[in-house]
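Report on the structure given below.
The values are calculated or read from the model by the stated rules, or taken from the named source; none is laboratory data. It should be emphasised that the depicted structure is a prediction, and the values quoted were computed from it without experimental measurement. Neighbour counts are summed over all protein chains in view; Cβ atoms, including those assigned to glycine, are modelled from backbone coordinates with ideal geometry. All accessible areas refer to the heavy atoms of the entire protein, side chains included, with ligands and DNA or RNA removed. Shrake-Rupley method; radii C 1.70, N 1.55, O 1.52, S 1.80 Å.
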Amino acid sequence: MRVSVSAPVSIAIGTLLVAPAAQAADLSISVEIPRINAAEYHRPYVAIWIEDANQKSVADLQVWYQQTDGKEGHGTKWLPDLRQWWRKSGRSLKVPVDGITAPTRPVGKHALKLDEKHPALAKLPAGTYTLVVEAAREVGGRELLKIPFEWKGKTPSIGKAQGKDELGLVTLSAKP
Amino acid sequence: MKRISILAAIIAAAIPLSAIAHKQWLVPSSTVLAGKDAWITVDAAISNALYYPDHNPMRLDNIVITAPDGSTHKPQNPATGKYRSVFDVQLEQQGTYRIANVNGGVSARWDTPESLAAAEAAKDNPAPAAGGMGGTPRGGMLRNATAEDLATKIPKNALNVQVTEGIGRVETFATNGSPSDVAPIGKGLELVPVTHPNDLFAGEAATFRLVVDGKPVAGLEIEIIRGGTRYRNAQEEIKATTDAKGEFSVTWPDAGMYWLETATTDSKTSVPQARQRRLSYVGTFEVLPQ
């Protein structure tokens, strides 16, 4: 099961608007990695997951990290820098995970669309959840954004959050 | 003034497990780790400021590293400097490592007519501080003594014999991957986690239990101080007291390394010459930001 992470967010939302109501539920997310002027720039580690009303992680959607050996050891060494994700899910997860873990991504907007058959969403009951996006950059900062949403609600659930430092605009659209 | 400081040094030397001693600590370079080649380096010292080595290095002879599977390991790459000792720990297994310095047993100190005479002479002609523990030498001492040692190794002309017994534990924790349960020791004064010691976050409450020989102790007073004392005017200590279950809770005001100390005494001595058993506990706990 793969997640498509390629189409710009505008196309994802456009598809949503014209889609017939009878189609399966899905989740479209866009995460912007901002351009940062730094003498030493490394692409951030990013984790994207879903929390329930008790702030427990119920589904990992994406984890972007350096998946190879570098000069300073294997990239997994720095996964705890995504410290909320590490605490809630990462430390009990055996990486890599097919369809969830992926290499770090460059500056720009990254869209992903998951349908209700995706393993992360297949068993998710209808209800209120929070999308959490956490980014941590080597010799840089860390930022965490949250967007509440309704999964399989009566109407489409749309939300956004604007990062200040390590993240740009994050948008979410949950189609019932 | 001088005499008072010498007296204080003598008292400090004579009662190594007392709360009036300087702060002992082990500080790990990190406490939350991941990967197949996870290492930490640990500082070990006895100081006034937290966590700045400014007094004495900790002796590494009694450092015990307990891996998640219960096996024990020696420190790697140990070194002792003027103010601080350091060593490495490789976290080969997934789970929580306990790194502890455990001192204890029966010790004895005494004067002899010769040592008292020397001390008297030194009083009239004070020598410059020699560094180290300082204080005027006593007639002799025994560490880790048995009942037989006490009967045979203390000279017949010994005066002011002091026999003390105690167990002092200084420890910290680090976790590779998911935290695992910390097995109780069952001997001496120890902290039993209710909240895992590597799962501490600013603004959240943590609960711990204090036990002596495995049994909860009510009414124990705990002092908690965040590191970085050099850069603030007050110690900002947090006080807590154990309840009937031996438990106490603390809500961490900020992220940082926290030094936690408690001590007590009881009468469960193994030799009749020791009037009481001194028990002390020091832990270093890392609290992460939200």
Practice item. Residues being farther than 19 Å from A:V95 by Cα and at the interface with another protein chain (Cβ under 10 Å from one of its Cβ atoms): count how many of those fall in the range B:23-33. Key: 2
Revision key, fill the gap. The residue that is farthest from B:G95 (Cα to Cα), considering only those in the range A:92-116 that are without any contact (Cβ under 8 Å) to a residue 40 or more places away in the chain and not charged (D, E, K, R), is A:P103
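May I ask you to list the residues in the range A:146-160 that are among the hydroxyl-bearing types (S, T, Y) and loosely packed, with under 14 Cβ neighbours inside 10 Å?
Scanning the range A:146-160 gives a single hit, A:T155.
Could you grab me the full set of residues in the range B:202-215 that are open to solvent by 10 Å² or more (accessible area, probe 1.4 Å) and not small (G, A, S)?
Narrowing the range B:202-215 to residues open to solvent by 10 Å² or more (accessible area, probe 1.4 Å): B:202-205, B:207, B:209, B:212-215.
Correct list: B:E204, B:T207, B:R209, B:V212, B:D213, B:K215.
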**Study point:** Hey, B:N103 at pLDDT 95 or above and away from chain A (no Cβ under 14 Å) or not
**Key:** no
Practice item. Specify the residue that is modelled with the highest pLDDT; the eligible residues are those in the range B:265-286 that are assigned to a loop (DSSP other than H, G, I, E, B) and open to solvent by less than 30 Å² (accessible area, probe 1.4 Å). Key: B:A274
Revision key, fill the gap. The residue that is most open to solvent (accessible area, probe 1.4 Å), considering only those in the range A:67-85 that are within 7 Å of another protein chain (Cβ to nearest Cβ) and part of a helix (DSSP H, G or I), is A:K77
Practice item. For the range B:39-52, state whether one or more residues are buried (at least 19 other Cβ atoms within 10 Å of the Cβ) and without any contact (Cβ under 8 Å) to a residue 40 or more places away in the chain. Key: yes
Check your understanding: Which members of the range B:34-56 meet the condition of being within 14 Å of chain A (Cβ to nearest Cβ) and assigned to a loop (DSSP other than H, G, I, E, B)?
Key -> B:A34, B:G35, B:K36, B:D37, B:A38
Study note, to complete from the structure: Filtering the range B:243-256 down to residues that are under 18 Å from B:F285 (Cα atoms) and surrounded by 12 or more Cβ atoms within 10 Å (Cβ to Cβ) yields B:E247, B:F248, B:S249, B:V250, B:W252, B:P253, B:D254, B:A255, B:G256
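Quick check on A:V139: is it crowded, with 17+ Cβ neighbours inside 10 Å and either away from chain B (no Cβ under 12 Å) or under 30 Å from A:A39 (Cβ atoms) (or both)?
Working: crowded, with 17+ Cβ neighbours inside 10 Å: no; either away from chain B (no Cβ under 12 Å) or under 30 Å from A:A39 (Cβ atoms) (or both): yes.
No.
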Review point. Can you pull out the residues in the range B:162-207 that are over 19 Å from the mean Cα position of the chain (by Cα), away from chain A (no Cβ under 13 Å) and part of a strand (DSSP E or B)?
Key: B:Q162, B:V163, B:A205, B:A206, B:T207
Check your understanding: When B:T72 is evaluated against the numbered criteria (1) more than 14 Å from every other protein chain (Cβ to nearest Cβ); (2) open to solvent by less than 60 Å² (accessible area, probe 1.4 Å), which criterion, by number, is the only one it fails?
Key -> (2)
Practice item. Select from the range A:48-66 the residues that are away from every other protein chain (no Cβ under 12 Å), open to solvent by 40 Å² or more (accessible area, probe 1.4 Å) and in contact with a Ser or Thr (Cβ under 7 Å, 6 or more places away or on another chain) and list them in ascending order. Key: A:A53
**Study point:** Count of the range A:28-47 residues which are crowded, with 23+ Cβ neighbours inside 10 Å, in a strand (DSSP E or B) and of a type outside the set (G, A, S)
**Key:** 4
Point to revise | Members of the range B:208-264 that are in contact with a strand residue (DSSP E or B) (Cβ under 6 Å, 6 or more places away or on another chain), of a type in the set (A, V, I, L, M) and in a loop (DSSP other than H, G, I, E, B) | key: B:V217, B:L220, B:A255
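Residues to consider are A:V95, A:V133; find the one that is touching a strand residue (DSSP E or B) at 6+ places or on another chain (Cβ under 7 Å) and within 17 Å of A:A53 (Cα to Cα). If you could, list the steps in order and put the result at the bottom.
Working: A:V95 fails: within 17 Å of A:A53 (Cα to Cα).
Sole residue among the options that is touching a strand residue (DSSP E or B) at 6+ places or on another chain (Cβ under 7 Å) and within 17 Å of A:A53 (Cα to Cα): A:V133.
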Check your understanding: In this structure, is A:P148 over 26 Å from A:N37 (Cα atoms) and either among the β-branched types (V, I, T) or modelled with pLDDT of 90 or more (or both)?
Key -> yes
Check your understanding: Which residues, counting only those in the range A:89-103, are within 11 Å of chain B (Cβ to nearest Cβ) and either open to solvent by 50 Å² or more (accessible area, probe 1.4 Å) or of a type in the set (A, V, I, L, M) (or both)?
Key -> A:S92, A:L93, A:K94, A:V95
Exercise for review: Answer yes or no as to whether A:L114 is among the aliphatic types (A, V, I, L, M), closer than 27 Å to B:G35 by Cα and part of a strand (DSSP E or B).
Suggested key: no
